[in-house]
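What follows is a single structure, written as structure tokens, with notes after it.
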Amino acid sequence: MSDPETPDHPAPELPLRSDHCGTLRAEHVGRRVALCGWVHRRREHGEFLAFVDLRDHTGLVQCVVDGAEDLRSEYVVRIVGTVRRRLEGTENPNLATGDIEVGECEVEILSVAEPPPFQIEGRVEVDETIRLRHRYLDLRSERMQRNLRTRARVNSAIRGAMEAQGFVEVETPLLIASTPEGARDFVVPSRMLPGNFYALPQSPQLFKQLCMVGGVDRYYQIARCLRDEDLRADRQFEFTQLDAEASFVTQDDVLAFISEAVAAAAEAVTGERPSAFPRMTWLEAMERYGSDKPDVRFGMELVELTPLFAQTGFNAFKASCVKGIRVPGAATMTRNQLDGLTDDAKRFGAKGLVWMKVEGDGTLASPVAKFLSEDELGGLRSSLGAEAGDLVLIVADERPRVRHVLGLLRLRLGRPPVTEGGLHFLWVVDFPLFEGLDDDGSPVPAHHPFTMPHDEDVHLLDGSPDDLLRVRSQAYDLVLNGWELGSGSVRIHRSDIQERIFDLLGISREEARHKFGFLLDAFRFGAPPHAGFAFGIDRLVALLCGEENIREVIAFPKTQSGSDPLTQSPTPIAPSHLEELGLRLLPPKT
Ligand code: ASP
């Protein structure tokens, strides 16, 4: 028991900080607290008093301060005061601490601050370069605080879920030889071996497979990966993946492991566990949504119309594939808007776009309606389920192009904002092993070259080019609301199949040895069957935070042009440093 407070036993001194600003409530009334934080705002209150909103990572609290004239925005202060109820009628229902305030304040300035170049909150109007140059100020905002903390919770939930499933975290090197992910490598010159370069990992792919040969059994890592590709809203040079690999498992096992980790992460953020993730084959995704990462939050699916126009007299529909989408209620589009859509379709690769408006009486109004028979028009209406007021869009061409164009139009016309429609996770399975044929007729791999073909399709590897394009792989992607979260595959662990694939890909034995010789060597010493997956944590966190851009969930991201206005990277290096590395620069390309 503590001593009662008497003159001999004064109240114990408060620590530097006893409480957090945003956590004080009515139940704390009467408590003497020591708060530390930043001056968010100061409002004068009469001649001598000021309301000072004090901010820390938990939120704001109003402090009533006497003689606050030298307290400016973003000063760092310690305020010792007493929590008290606000006067009736002055409560602020928009603030978690709005029922109380802190009075009888003693203020100590811990750090003065220059006026910040932008308001910490309400930054929408601020140019991004200025925000990133002062990213530490941006990080003070409620939004960034929430996003960073959400990210940490996601990482922790993923770790917990992977470890509960028997996965062991292994750190793999950052300075490596090239990986087979197919993007451009970032390279680091070697000082000790001039003329040689390390690559920064595009993923720990080869190392995690080596871990399997090394008997690790179940590996995971929250891994930084680097790819020198153009930046976009969902792509940075550096990104973080949950990378995993397991031995003696099937595709179903991997899907279950990863679903568990992702569901745990989502639950940690939303408080709700997502239901089992549905599966869809790649072919079905392409046929119904025109995309291998379908956004299934909304309908507007691609409808097959090829049989309907098998005998058509309308030249534009005499194609190997005709498909359409129904845009509910869009018959109100103006001619200008429709011309815009046609231009989009052409930009996406179509020769043209046919549009039809469903009139009140059900007839289809379109410049091309007169070229179609009554049967064809009726068939169109019923196949698409078109109703009065709808707009119908039709593309006829080769199948891959039709899917691609309509898939993009569908997104353009129907995609809800990132914050709407809930979380729709989806496994896309049975990807083709090859994406197409290159100019020499060699198949182009859809994933990395260690991806196992589907058992039922292995025989097709000896067939015609058409057969090859039909080979399905044991590769799978995880999709969330139309974003590809990640991908993985069952790996080839048998050298005969691997050699066959290298041959097909036109990768010579020498090239294979040069690139992945160490992995092929390792496989000679007893490789367990294994499979794995990697998904982007930045993307998952962005969607869980309702952010359109992954930069919002990365503490120190790069701008679209790949630079960091805060540290000024990338920067030139000193001539002596270049010399030491045995490097000489060419004049910049004009
Ligand atoms: N390494 C692959 C990637 O980063 C994922 C995998 O196959 O495990 O995309």
- Can you run phi through the Karplus equation (6.51, -1.76, 1.60; θ = phi - 60°) for the range 226-238 and list ³J(HN,Hα) in whole Hz, with x for Gly and Pro? 10, 9, 8, 10, 4, 8, 9, 4, 10, 8, 10, 4, 9
- Given 28-34, 526-532, 496-502, the highest-first ranking by average Cβ count within 10 Å works out to 526-532, 496-502, 28-34
- Query: How many times 2.2 N^0.38 Å is the alpha carbon radius of gyration of the range 110-236?
  - Reply: 1.44
- Item | Viscosity 0.692 mPa s, temperature 37 °C, Stokes-Einstein D of the range 410-502 from Kirkwood C-alpha radius, µm²/s | 221
- Task: Past 24 Å, Cα to Cα, is the threshold; run 323/351; 293/515; 293/323; 318/357; 208/558; 208/293 against it and keep the listed order.
- Result: 293/515; 208/558; 208/293
- In which sequence would 283, 391 go, from the one with the fewest C-beta neighbours within 10 Å to the one with the most? 283, 391
- Query: Taking the Cα centre of the chain as the origin, how large is its charge dipole in debye, to the nearest 20, when only Lys and Arg (+1) and Asp and Glu (-1) carry charge on their Cβ atoms?
  - Reply: 820
- Can you tell me how much longer the chain between residue 57 and residue 363 gets when fully stretched, taken as 0.36 nm per residue apart minus their C-alpha distance, in nm with one decimal? 104.1 nm
- Query: Gap in Å between the Cα centre of the range 105-134 and the Cα centre of the range 456-523?
  - Reply: 52
- Query: For the pair residue 190 and residue 571, how long in nm is the line joining their label points, each one 7 Å along Cα→Cβ?
  - Reply: 2.7
- Hey, how much of the P(r) for the range 235-291 falls beyond 16 Å, as a percent of Cα pairs? 63
- Message: If you restrict to DSSP beta bridges whose two residues both lie in the chain, what percentage is antiparallel, to the nearest 5?
- Response: 95
- Task: Using Cα pairs closer than 8 Å and at least 6 residues apart in sequence, work out the relative contact order for the range 433-512, in percent.
- Result: 28
- Message: Between residue 43 and residue 398, what is 0.36 nm times their sequence separation minus the Cα-Cα distance? Round to one decimal in nm.
- Response: 121.1 nm
- Note on the structure: Two pseudo-spin positions, 7 Å from Cα along C-beta at residue 253 and at residue 238, lie apart in nanometres by 3.4
- Item | Over the chain - Rg/Rh using Cα atoms and the Kirkwood inverse-distance radius | 1.06
- Message: Can you sort 495, 382 from fewest to most other Cβ atoms within 10 Å of each residue's own Cβ?
- Response: 382, 495
- How much FRET efficiency would the formula 1/(1 + (r/R0)^6) give for residue 128 and residue 171, where r is the Cβ-Cβ distance and R0 is 45 Å, rounded to 0.05? 0.85
- At least 27 Å along the helix axis (C-alpha) and Kyte average at least 0.0, DSSP helices within the chain: 251-270
- Query: Percent relative contact order of the chain, based on C-alpha pairs within less than 8 angstrom and at least six residues apart?
  - Reply: 13
- Rg in Å to one decimal, and Dmax rounded to a whole Å, for the range 507-547 via C-alpha atoms: 17.8, 48
- So between residue 499 and residue 377, what do we pick up on full extension, going 0.36 nm a residue minus the alpha carbon distance? 38.6 nm
- Which of 101, 260, 125 comes first, and how do the rest follow, when ranked by fewest Cβ neighbours within 10 Å? 125, 260, 101
- Would you mind getting the Kirkwood hydrodynamic radius of the range 495-577 from its Cα pairs, rounded to one decimal in Å? 17.7
- Sorted by chain and then number, the residues having a modelled amide H within less than 5 Å of the amide H of residue 437, at least 5 places away or on another chain, are 444
- So how far, in whole Å, is the C-alpha centre of the range 171-241 from the one of the range 535-576? 17
- Over the range 242-351, what is the mean sequence separation of C-alpha contacts under 8 Å (at least six apart), divided by residue count, expressed as relative contact order in percent? 13
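Read-outs: derived from the displayed coordinates by stated rules, not from any lab. Given the structure is predicted, the values throughout are model-derived calculations rather than measurements. Ideal geometry is used to build each Cβ from the backbone, glycine not excepted, and the neighbour counts take in all protein chains shown.
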